[in-house]
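Structure first, commentary second.
The values are calculated or read from the model by the stated rules, or taken from the named source; none is laboratory data. Fair warning: this is a prediction, and the values are worked out from it, not measured in the lab. When we count neighbours, we look across all protein chains shown, and the Cβ atoms used for this are built from the backbone with ideal geometry, even at glycine. Side chains are part of the model used for accessible areas, which takes the heavy atoms of the whole protein and leaves out ligands, DNA and RNA. Shrake-Rupley method; radii C 1.70, N 1.55, O 1.52, S 1.80 Å.
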Amino acid sequence: MGMLHPSPEFITSVCFLLVATAVFLRRRVVHGHRRGLSIHVTDRAVAHRALLEHSTAFLNRPIGVVPSSILTGERYPNIHAAPYGPYWRAARRNVVAGVLHPSSLGLLGDIRARALSRLVGDLNSGVLPAECLHFAVYSVLAEMCFGEDVVSELGETRLRAMHKLQRDVLRALPSLAVLVRYPRMGKLLYPSRWRQVLAFRRQQDEAFLPIVAQVKRRSHKNKDPSSFKFKTYVESLVDLRIREDDGACRAATDGELVSLISEFLGAGTEATAAALQWTMANLTKRPDLQQKLRAEMVAVATACGCDVIDEVELSRMPYLRATVLESLRCHPPIPFVMRHMESEVAAKVLGVTVPDRGATVNFLVGKIGRDAATWSDPTEFRPERFMSGTIDADLTCTRDLTMMPFGAGRRACPAIAPAMLHLQYFVANLVREFEWWEADGDDNAVDLTEFRGLFVTIMKRPLHARLVPRHPE
Ligand code: HEM
């Protein structure tokens, strides 16, 4: 039987149709609700008025801007992507009152110590600092998420493979973002990218769902209310109940569980690891500041006689806190926070008229933290500015808003306490273990140029440093 060959006219009209569809979709994207008008806020007083004083008018992020939406569409939102409502409230309350609550942090000392010991080993064996800092943060969050027993059963090879999967997903997201912009046509126009999304999603399901099943089986067997044990994130998710507006109560679906777990590990690791790398880079560039920090650390360690500095000692190190704050001010990992604005109240607060389809408001975190009207010599890395007591570094921004590395208002980061603790813990112990020197040669010098990724601002060239152990064997 002969094959039918399409005529040249047929091919031309199909091509024309595809181009016209793409142009039409692009116009909708630029002018439609996904982008709409964009307003930038750089004034800290306006940011405070909007996010704190009128927080109810700024409750939602625009649809489709959260990177995870690329993998999940809008079907399985995580906390970042969820619109204000019963699901967001239940998921946020669960994480804030559970695994991220400051009272849980005291129970995580062993988790931190294990990650630190592996990190010091990796650094001693010459692994690139940027790589091992990232994995150290991931392994702390993985144990908080799954529990020590599950992680030790998985073994280091599987854990590293899960870490690699997360990094692969994040690296691929920029090229997959087109599928959020063109949700329906994107699948037809970019079938290989769509297949990649499905493959990533399948790999995440295969990595996380067996762990969820294992935790479910275990929690049925072992309900000992008297045991005072840290409750992992997955344990809390298994117990999570979402009360919908109609009063019905339900558990999280598998899709939602995978999204929430992958957010915890992904968003948590990327932001914290970026902040850790920026802090160590600045200390490597400034041996004088590093020495000052080491002197504070030695005094505290001598007084307590401890091998590893942890929570209690960290609270006695004001210069350490000042160093981490200065790093977050100069190099906030999340460069801007976004809200969707649609109400008259919100428009009035910002002094604009509200367009038909609302608008996206970007609060420029980096600009606010480096505003010369608030900060003297704003581009200089100077932790001392936080030591005088005149600057209010209230990270929740409740009283005043001078910098907002964790965002502000009802959708602010729920992990301020653990993130600050982990940053201070790693910085103090890394300065205790090693002297960090800028290595000779252009390729090895520390370069503080920023690279704006899809989600976090990282160092354009990953941190290189010459590490000299302070306690050689
Ligand atoms: C230095 C580390 C971190 C920084 C700088 C950071 C920063 C931020 C920022 C700027 C936001 C947006 C806030 C807003 O829109 O007002 C955010 C939201 C969020 N962060 Fe973090 N974060 C960090 C660590 C973490 C960690 C460790 C976790 C969890 C393990 C986490 C979980 C979240 C979640 C779930 C949200 C969404 C909150 C909501 O929409 O209600 N973050 N974070």
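Among the residues of region 125-132, is any closer than 20 Å to Y425 by Cβ, in a helix (DSSP H, G or I) and within 12 Å of the ligand (Cβ to nearest atom)? Looking through region 125-132, none of the residues is closer than 20 Å to Y425 by Cβ, in a helix (DSSP H, G or I) and within 12 Å of the ligand (Cβ to nearest atom). Annotation: of all residues in region 97-116 being assigned to a helix (DSSP H, G or I), open to solvent by less than 60 Å² (accessible area, probe 1.4 Å) and of a type in the set (A, V, I, L, M), the one that is farthest from M144 (Cα to Cα) is L116. Per the listing D245, D205, D168, the residue uniquely open to solvent by 40 Å² or more (accessible area, probe 1.4 Å), touching a residue at least 24 places away in the same chain (Cβ under 8 Å) and not in a helix (DSSP H, G or I) is D245. When you go through (1) open to solvent by 10 Å² or more (accessible area, probe 1.4 Å); (2) touching a His at 6+ places or on another chain (Cβ under 9 Å); (3) within 16 Å of the ligand (Cβ to nearest atom); (4) among the small types (G, A, S) one by one for A419, which number turns out not to apply? A419 satisfies every listed condition except (2).
Scanning region 397-437 for residues that are out of contact with any Gly (no Cβ under 6 Å at 6 or more places or on another chain), within 19 Å of G366 (Cβ to Cβ) and in a loop (DSSP other than H, G, I, E, B) yields a total of 10. For V137, the stated conditions do not hold, so it cannot be described as open to solvent by less than 20 Å² (accessible area, probe 1.4 Å) and over 22 Å from L454 (Cβ atoms).
For region 374-392, enumerate the residues that are part of a loop (DSSP other than H, G, I, E, B) and either in contact (Cβ under 8 Å) with a residue 60 or more places away in the chain or among the polar types (S, T, N, Q) (or both). Steps first, answer last, please.
Filtering region 374-392 for residues part of a loop (DSSP other than H, G, I, E, B) gives 374-382, 387-392.
Across region 374-392, the qualifying residues are T374, S376, T379, F381, M387, S388, T390.
Mind listing whichever residues of region 388-400 are away from the ligand (no atom under 11 Å from the Cβ) and within 15 Å of R44 (Cα to Cα)? I391, D392, A393, D394, T398, R399, D400, listed by residue number. When you check L314 against the structure, is it open to solvent by less than 20 Å² (accessible area, probe 1.4 Å), closer than 30 Å to R49 by Cβ and of a type outside the set (D, E), yes or no? No, not satisfied. Counted as qualifying within region 252-316 are the helices (runs of 4 or more DSSP H) with 1 or more residues that are closer than 30 Å to W88 by Cα and within 16 Å of the ligand (Cβ to nearest atom), namely 254-285. Apart from one condition, P333 fits all of (1) closer than 27 Å to F381 by Cα; (2) part of a helix (DSSP H, G or I); the exception is (2). Give the number of residues within region 283-322 that are closer than 21 Å to I111 by Cα and of a type in the set (D, E, K, R). Of the residues in region 283-322, 4 are closer than 21 Å to I111 by Cα and of a type in the set (D, E, K, R).
Selection of first residues in region 321-347 that are at pLDDT 95 or above and of a type in the set (S, T, N, Q) and of second residues that are within 13 Å of the ligand (Cβ to nearest atom) and not in a strand (DSSP E or B), restricted to Cβ pairs under 6 Å at least 6 apart or on distinct chains, gives the following pairs, ordered by first then second residue: S327/W278; S327/T279. Set side by side, the residues P62, P83 differ, and just one is assigned to a loop (DSSP other than H, G, I, E, B), over 26 Å from K229 (Cα atoms), within 14 Å of the ligand (Cβ to nearest atom) and touching a Ser or Thr at 6+ places or on another chain (Cβ under 6 Å), which is P62. Being assigned to a helix (DSSP H, G or I), surrounded by fewer than 19 Cβ atoms within 10 Å (Cβ to Cβ) and out of contact with any strand residue (DSSP E or B) (no Cβ under 6 Å at 6 or more places or on another chain), is that true of even one residue in region 226-235? Taking every residue of region 226-235 in turn, none turns out to be assigned to a helix (DSSP H, G or I), surrounded by fewer than 19 Cβ atoms within 10 Å (Cβ to Cβ) and out of contact with any strand residue (DSSP E or B) (no Cβ under 6 Å at 6 or more places or on another chain). Taking the numbered list (1) more than 16 Å from the ligand (Cβ to nearest atom); (2) assigned to a loop (DSSP other than H, G, I, E, B); (3) surrounded by 20 or more Cβ atoms within 10 Å (Cβ to Cβ) in turn, D371 passes all entries but (3). In region 317-342, of all residues being open to solvent by 40 Å² or more (accessible area, probe 1.4 Å) and more than 21 Å from the chain's Cα centre (by Cα), the one that is farthest from the ligand (Cβ to nearest atom) corresponds to P318.
If you go through region 68-104 and keep only what is touching a Gly at 6+ places or on another chain (Cβ under 8 Å) and at pLDDT below 90, you end up with S68, T72, E74, R75, Y76. The one condition from (1) open to solvent by 50 Å² or more (accessible area, probe 1.4 Å); (2) in contact with a helix residue (DSSP H, G or I) (Cβ under 6 Å, 6 or more places away or on another chain); (3) hydrophobic (A, V, I, L, M, F, W, C) that F451 does not meet is (2). Here F135 meets the list (1) within 16 Å of the ligand (Cβ to nearest atom); (2) in contact (Cβ under 8 Å) with a residue 60 or more places away in the chain almost entirely, failing just condition (2).
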